[in-house]
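The values are calculated or read from the model by the stated rules, or taken from the named source; none is laboratory data. Owing to the predicted nature of the structure, the values given are computational and were not obtained by experimental measurement. Using ideal geometry, Cβ is built from the backbone for each residue, glycine included, and neighbour counts are taken over all protein chains shown.
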Amino acid sequence: MNGSLPALAGNLDPVQSTYLSTIASPDSDSSRYTYRAWLDRFLAWCDVNQLDPLSLKRLQLEVYIQHLLTDGRIRGTGGLKPSTVNTAFTPVRVFYEIAVDEELILRDPTRRLKLPKYEYTKRQLVPTRDFMLFLEVAKTTSPRHWACAALLSGLALRIHEVAALRVEDYLPNVEQGQHVLVYRQKGGKTARTPVPLPTLQALEAVRAGRTEGPLIPKRDGGQLTRTGAAGLVTTINRRAMAQGMKKPINPHLVRAMAITEAFEMGMTGRDVQAFARHADPRTTRRHYDLGNGNHYRHPAHQIAGRLAV
């Protein structure tokens with residue numbers, strides 16, 4: 001996602017400038033483009049219906065929500081799922097919050113607006129056999145593929161964090177007798193994560209004696225991009241599926257599997273949250289405890305065994 005962003009619809013410069021600075025985190029290109037796209041759709045809808053966005057009331061916003069539910073698809077016909085409508089309306093809420101802060105409107109029309117409810121569905125847990133095959137194939141493909149998979153699974157890094165790493169981020173950092181990876185995480189904060197031995201072996205293999213430069217370099221030696229790092233995962237998937245893996249595993253699911261494994265090992269919620277580097281523990285449990293629906297561990301079995309007559 002390179003290049004300049006398209007201009008927002010409407011003539012709302014004071015709100016636009018503040019809005020863009022609010023969401024312009026350099027580590028959230030995907031979110032920034034998503035927010036821009038949904039906000040642009042909302043402002044375009046206002047233009048088509050000859051409505052001033054800064055004069056809308058709650059009832060008119062409810063009409064927009066209904067429009068998304070019944071006729072919100074860009075391709076084809078039909079409406080959007082309730083979960084997608086909630087995502088689509090997030091930047092609209094931020095837009096009006098900023099408009100209030102800038103004293104362009106007196107009240108936020110979205111404050112008591114009710115969005116459609118939906119039931120959150122977790123990702124499907126990857127079979128252990130497939131996940132282990134994925135890691136084994138990564139190790140035998142090349143040091144670059146091995147290091148990428150080791151960082152995603154062993155340290156639960158995000159794919160853009162993996163791409164941005166440099167040798168200097170871990171080589172000179174030794175604390176309590178362990179190498180420590182120091183890197184910029186989502187949101188711009190600096191994270192410090194100890195590197196366990198299996199992951200360190202992968203990093204040493206890809207470092208190949210270098211003391212500086214990209215940790216996982218491109219073929220020409222340059223800094224890896226997010227797309228390039230995802231391409232390494234794609235290659236691992238292709239080779240693993242040729243050896244019997246049923247479905248490809250995307251980079252975020254590798255991270256999710258690592259966090260789920262921490263739950264499965266009985267680690268405390270606090271420790272798992274620290275491993276995942278989430279600000280809110282609810283995020284860790286809601287989105288990443290993929291084994292929570294494991295029927296074999298359901299308390300019903302233990303209770304029934306104890307009370308059986």
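Below are the figures for this structure:
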read-out: All positions within the range 264-290 that are in a loop (DSSP other than H, G, I, E, B) and either of a type in the set (A, V, I, L, M, F, W, C) or modelled with pLDDT of 75 or more (or both); value: MET265, GLY266, MET267, THR268, ARG277, HIS278, ALA279
read-out: Any hit, the range 232-241, residues being at pLDDT below 90, surrounded by 17 or more Cβ atoms within 10 Å (Cβ to Cβ) and of a type outside the set (A, V, I, L, M); value: no
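For every residue, the table says whether it meets (1) farther than 14 Å from VAL162 by Cα; (2) within 23 Å of the chain's Cα centre (by Cα); (3) in a helix (DSSP H, G or I).
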{"position": "VAL206", "(1), (2), (3)": "no, no, yes"}
{"position": "GLY209", "(1), (2), (3)": "yes, no, no"}
{"position": "GLU212", "(1), (2), (3)": "yes, no, no"}
{"position": "ALA230", "(1), (2), (3)": "no, yes, yes"}
{"position": "THR235", "(1), (2), (3)": "yes, yes, yes"}
{"position": "ALA240", "(1), (2), (3)": "yes, no, yes"}
{"position": "ILE249", "(1), (2), (3)": "yes, yes, no"}
{"position": "ALA256", "(1), (2), (3)": "yes, yes, yes"}
